[in-house]
Amino acid sequence: MIEYDKDAIVYPYITSFIRGEIPQRHGILKELQDYAEKHSIPIVQPETAKLLEVLTAIKSPKRILEVGCAIGYSAILMAQYLEKGGSITTLEWDADMAEIARENIEKAGLSDSIKVIQNDAKEVVKTLTGEYDIVFLDGPKAHYIYMLNDCIRLLKKGGILISDNVLYKGMTADDEHVIRRKITIVKRLRRFISAQMQRDDLETVILPLGDGVTVSVKK
Ligand SMILES: C[S@@+](CC[C@H](N)C(=O)[O-])C[C@H]1O[C@@H](n2cnc3c(N)ncnc32)[C@H](O)[C@@H]1O
């Protein structure tokens, strides 16, 4: 039986249908999914994981930047579609999480292509240079707005910025859904979405998928 997700932003039966169509994962990705569930570690939702796979497969990226690594699940997922010799830089503030991610990446045989930087992403993004084909924002939601300029600076022309959790259990879309203690995050997510939509150098779509995802291409 398919379980319903109480925080789904679309009708739960739609989410259940989509999830029911996604083939079971195997190997390290299945192990990490199980580990994340057991230890309540937030990793990308199954349908968002599929979007990531499709976009990375279309791009065959040479360089990916990820903000928010957790245990390395989405980095390992995206690494399948890297161009030969390509690399992922993933940022994680939590030292224990970063250590687990490094172990998982080694277990997946991807230590040469995925580098975990353990530090505050807000500070790290300011210092990064070079161009990335994909930036995946999946870290501190309240700070997406402050990282936007650097993310765009770091994107190649034609590069894609994917930002997860932007509809934040529906709270971003409607005041009546907002939990009081989340108001600051919600206000900043609204600013983040508007900023993306209004920039002349981006083309952006808001997708009601998973917890809400924006996908922007740099023009
Ligand atoms: C949703 S999880 C990332 C999940 C991961 N992308 C996946 O799907 O496998 C968000 C992660 O961002 C990390 N994080 C939160 N604030 C951060 C910051 N300022 N800098 C770097 N990482 C941060 C959290 O510790 C957490 O592990």
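Quick note: the coordinates plus some simple rules give every number you see, no bench work behind them. Worth saying up front: this structure is predicted, and the values here are computed from it rather than measured. Neighbour counts run over all protein chains shown; Cβ positions are idealised from the backbone, glycine included.
Below is a table of values for the structure above.
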item	result
Mean ellipticity per residue at 222 nm, deg cm²/dmol - from DSSP H runs of n ≥ 4 across the chain, formula -39500 (n - 2.57)	-12500 deg cm²/dmol
Positive-end residue, the stretch 66-179 charge dipole about Cα centroid, Cβ charges, pick of HIS177, ILE152, ALA142	ILE152
Two-site label geometry, ARG25 and GLU123: point separation in nm, points 7 Å out along Cα→Cβ	3.0 nm
Fluctuation leader among HIS39, HIS143, HIS26 - the chain, Gaussian network, Cα springs under 10 angstrom	HIS39
Candidates PRO140, PRO46, PRO23: whichever shows maximal mean-square fluctuation once the chain is modelled as a Gaussian network with Cα springs under 10 Å	PRO23
Dipole in debye (nearest 20) - the stretch 12-218, about Cα centre, beta carbon charges: Lys, Arg +1; Asp, Glu -1	460 debye
Inter-label distance, nm, simple model (7 Å from Cα along the C-beta direction), LYS219/GLU176	3.6 nm
Extension gain, ASN149 back to ARG191 (0.36 nm per residue minus Cα-Cα distance, nm)	13.8 nm
Gaussian network model of the chain, Cα within-10 Å springs - most flexible of ARG190, ARG153, ARG181	ARG181
Over the chain: Rg over Rh, Cα atoms, Kirkwood Rh	0.94
HIS39 versus TYR11: modelled label distance in nm, points set 7 Å from Cα along the beta carbon direction	3.8 nm
